[in-house]
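The numbers here are math on the coordinates, done by the rules we state, and not lab data. Here the structure is a predicted model, which is why all the values come from computation and not from measurement. All Cβ positions, even for glycine, are placed from backbone atoms using ideal geometry, and neighbour counts span all protein chains on display.
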Amino acid sequence: MSVFSAELINLDLNALDKTDAITQLATMVVAANRGTNVSQIVTDVLARDALGTPQVDGVAIPHARSSGVTQSSVVVARTVGISFDPDEDPADVIFMILVPDGEGNEHIDILSGIARRLMDPEFTAALRSLGDAKSITDLLTIGQE
């Protein structure tokens, strides 16, 4: 099963700050039956975030291994802008990468794949402009078959 799913995409995230954004995205993971514990996911992502969150051209990529996750997942959200790093501009797109504890460096493999794709201006433009979750999912899964 793919780490991407239309049920893990929010094209209009309205969050107060990064903790609120991470909490809303973790809630989506649990609602999609890919996790069991929102607060554990939030705790794990924020702990990893304390080391720094990768950000590429307005796209933040918080990530973590978590015992609150049962299936590797990538939650995607568009927002008006959430600050993940005071030295960076606010992110208008968020990819939250989650893998279950014990999955080694799978989240790093997913992260590097996303980061490579973010170097393509056509990909990032599509990410910001496509109007529905299925189209975003299709964009993300191209070449993953």
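Below, the figures for the structure above:
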{"item": "Exclusive hit being more than 19 Å from ALA115 (Cα to Cα), free of Cβ contacts under 8 Å to residues at least 12 places away in the same chain and among the hydrophobic types (A, V, I, L, M, F, W, C), set LEU16, LEU25, LEU51", "result": "LEU16"}
{"item": "Positions within region 5-33 being more than 23 Å from LEU127 (Cα to Cα) and assigned to a loop (DSSP other than H, G, I, E, B), in sequence order", "result": "ASN33"}
{"item": "Residue among VAL69, VAL59 that is touching a residue at least 24 places away in the same chain (Cβ under 8 Å), within 23 Å of ILE142 (Cβ to Cβ) and not charged (D, E, K, R)", "result": "VAL59"}
{"item": "Answer residue from region 9-35, given it is more than 18 Å from ALA91 (Cα to Cα) and touching a strand residue (DSSP E or B) at 6+ places or on another chain (Cβ under 8 Å) and is surrounded by the fewest Cβ atoms within 10 Å (Cβ to Cβ) among those", "result": "ALA32"}
{"item": "Subset tally (residues that are exposed (fewer than 12 other Cβ atoms within 10 Å of the Cβ) and of a type in the set (Gly, Ala, Ser)) for region 113-143", "result": "4"}
{"item": "Boolean, ASP92 is touching a helix residue (DSSP H, G or I) at 6+ places or on another chain (Cβ under 9 Å), crowded, with 18+ Cβ neighbours inside 10 Å and farther than 26 Å from GLN40 by Cβ", "result": "yes"}
{"item": "Condition met for VAL38 (touching a strand residue (DSSP E or B) at 6+ places or on another chain (Cβ under 6 Å) and buried (at least 18 other Cβ atoms within 10 Å of the Cβ))", "result": "no"}
